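The values are calculated or read from the model by the stated rules, or taken from the named source; none is laboratory data. Not measured: the values here are computed from a predicted model. Neighbour counts run over all protein chains shown; Cβ positions are idealised from the backbone, glycine included.
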Amino acid sequence: MILQALYNYYRQKAADPESGIAPPGFEWKEIPFIIVIDHQGIFIALEETRQGDKKKPQTFLLPKSTARSGSNAWMTSNLLWDHYGYVLGNPRGDDMKSTEMAVKQFNAFINKINSLPESLKKDDGVAAVISFYKKNEYKKVSCANNWNECLKINGCNMSFRLYEETVLVPCRPNVKLYIETCNLNDTDEEHRGVCLLTGVYSSIARIHSDTPINKDSKKMVSFQKNSGYDSYGKEQAYNAPTSKSAEFAYTTALNSLLARNSKNKVQIGDLTLVFWSEYKSDLEQLFPTLFCFPSVDDPEADTRAIASLFSNASQVLTETASARFFFLGLGPNVARISVRFWHESTERVVTEAIRQHYDDIDIVRSSYDSGHYSAYWLLSAMSVENKIDNIHSNMASQVVRSIISGDEYPITMLHQTILRIRTIRNVRRMQAGILKAYLNRSCRIRSIKEKEIISVSLDVTNMSTGYLLGRLFAVLEKIQEQGIPGINSTIRDHYYATASSTPMKVFPQLLKMKNYHLEKIKIRGLKRKYEKLLTEIISSIPPDMPSGLVMEDQARFAIGYYHQKSDLNNSKIIQ
């Protein structure tokens with residue numbers, strides 16, 4: 001299913017000449033450093049392509065890299081470009097094993113060039129590269145002024161360019177024609193079969209290409225080579241045949257989605273989410289902003305994106321409403337790329353699910369609150385020190401999937417948020433919104449009574465014990481603040497965790513303390529208003545106050561506390 005969708009995406013993009021997707025036999029690759037030589041192969045300079053403050057390398061359309069794995073991976077090199085181990089024989093490490101490996105890679109790279117057809121060797125660029133090695137000019141590269149900058153990039157990719165020319169040698173017309181001819185004349189009769197993706201009888205790819213993810217490069221599809229996993233005498237990929245053309249198509253599509261400048265990629269912690277639609281749509285353009293950290297240059301981008309999402313809520317999607325929308329969540333792993341989740345739906349369903357999420361998480365906020373609601377802030381509110389990198393990868397995947405699918409939120413979201421509230425001994429707007437979203441969606445999906453639905457702001461009709469206790473705690477704290485102005489720590493700092501989990505232990509003591517705090521309030525009208533509010537709340541709480549609250553009721557406690565505190569801060573009762 002995933003490979004089929006990626007294959008179709010490649011075909012969709014390949015039909016658009018402006019898409020920039022690589023044609024068969026080629027791939028877009030970043031080349032940080034270029035070896036500049038003249039027509040006789042004499043070394044001229046080591047040219048750096050990285051530009052700007054972020055030192056972003058230039059990208060070139062090069063002959064596709066060849067998949068390599070195992071102990072004999074050094075035998076496989078790319079054509080006229082590769083990392084400095086192959087191009088210059090420079091080892092990645094200082095140990096003897098790395099040095100020996102670099103020598104093998106270097107010889108494999110030269111042998112591949114020497115094995116090219118004689119007609120291609122006559123090309124000016126290819127001939128110059130051959131002379132570059134015959135004359136040992138490659139030894140001069142390490143003497144360049146910027147060589148140390150090249151070494152700072154582990155496994156830095158390099159290629160060649162003729163002096164006073166703009167295109168790289170592997171990008172020259174004759175080299176391109178050679179690659180295209182080889183791609184069309186593939187006659188691997190020994191390993192041919194019916195492709196699982198296309199249904200066409202053709203050459204089968206034995207090893208699938210790598211895909212860069214999170215500064216690493218691994219395969220999304222790999223195969224175990226072991227007699228215990230073989231079937232009908234077929235090893236590795238021949239057990240699940242994927243034609244070379246289909247393998248190229250799906251890997252090229254995935255690489256384009258994962259490219260550094262891709263607009264179809266979102267990074268949330270170690271979760272990499274790629275998405276695409278059958279047709280261009282507004283949702284596809286809004287999606288990154290709804291999930292990512294707002295740009296420093298435009299901090300209100302996510303707020304505008306949410307407003308734009310809801311401004312079209314009354315409009316029925318027409319052209320792209322039934323278009324398929326795909327989401328692929330990926331993460332790093334030791335052996336290969338880990339597929340965290342896969343979700344396929346229509347644009348209408350996805351749009352409605354995202355709108356529902358923002359409805360669920362919406363909660364009253366103060367006038368000074370920024371109002372950011374992107375998934376980045378949501379996950380940060382649940383993580384240690386509000387750092388999204390501290391969020392568990394599985395929980396990030398589950399939460400994102402719930403947002404785009406409309407399914408129930410993971411229970412870990414509830415537990416983690418309550419744990420964070422206990423730790424910081426406060427309830428912030430985003431955390432209250434998370435708890436509200438979890439409870440309301442759970443009630444809606446499980447068809448629980450509508451009276452259990454929590455409102456955006458204070459609801460005096462909510463008779464949930466947890467909610468009422470949270471309101472009571474907020475009023476008691478406010479009375480303390482009014483009775484002792486400028487107090488450094490309130491009852492929230494000392495008693496919140498206990499009050500929200502085992503209320504019977506502390507509320508009797510807190511109710512005694514409030515008498516002292518009420519006496520300190522000099523404004524008689526304000527004192528009576530607090531007493532009236534306390535009476536209204538306490539009269540609704542059951543006489544047998546619970547000795548403990550389950551997690552859902554602890555969530556209602558936090559929301560009740562947040563609602564009541566926001567109402568007290570915004571109402572005239574404090575004036």
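Quick notes on this one:
- Total residues in the stretch 377-410, condition modelled with pLDDT under 90 and either outside any helix (DSSP H, G or I) or touching a Pro at 6+ places or on another chain (Cβ under 8 Å) (or both): 5
- Verdict on C171 being of a type outside the set (A, V, I, L, M) and buried (at least 16 other Cβ atoms within 10 Å of the Cβ): yes
- Single residue of the stretch 142-171 satisfying the filter (among the hydroxyl-bearing types (S, T, Y) and within 25 Å of L116 (Cα to Cα)) that is nearest to the chain's Cα centre (by Cα): S159
- Any hit, the stretch 417-428, residues being in the same structural domain as L379 (by TED's automatic domain parsing), polar (S, T, N, Q), outside any helix (DSSP H, G or I) and out of contact with any Pro (no Cβ under 7 Å at 6 or more places or on another chain): yes
- Leading residue by the ranking (surrounded by the most Cβ atoms within 10 Å (Cβ to Cβ)) among those in the stretch 223-265 that are modelled with pLDDT under 70 and of a type in the set (A, V, I, L, M, F, W, C): A237
- Within the stretch 381-410, residues that are farther than 23 Å from I424 by Cα sit with their Cβ atoms under 8 Å from residues that are assigned to a loop (DSSP other than H, G, I, E, B), at 6+ positions apart or across chains, in these pairs: Q398/Y409; Q398/P410; R401/D407; S402/E408; S402/Y409; S402/P410.
- Filter pass, D282 being modelled with pLDDT under 70, farther than 27 Å from K436 by Cα and surrounded by fewer than 18 Cβ atoms within 10 Å (Cβ to Cβ): no
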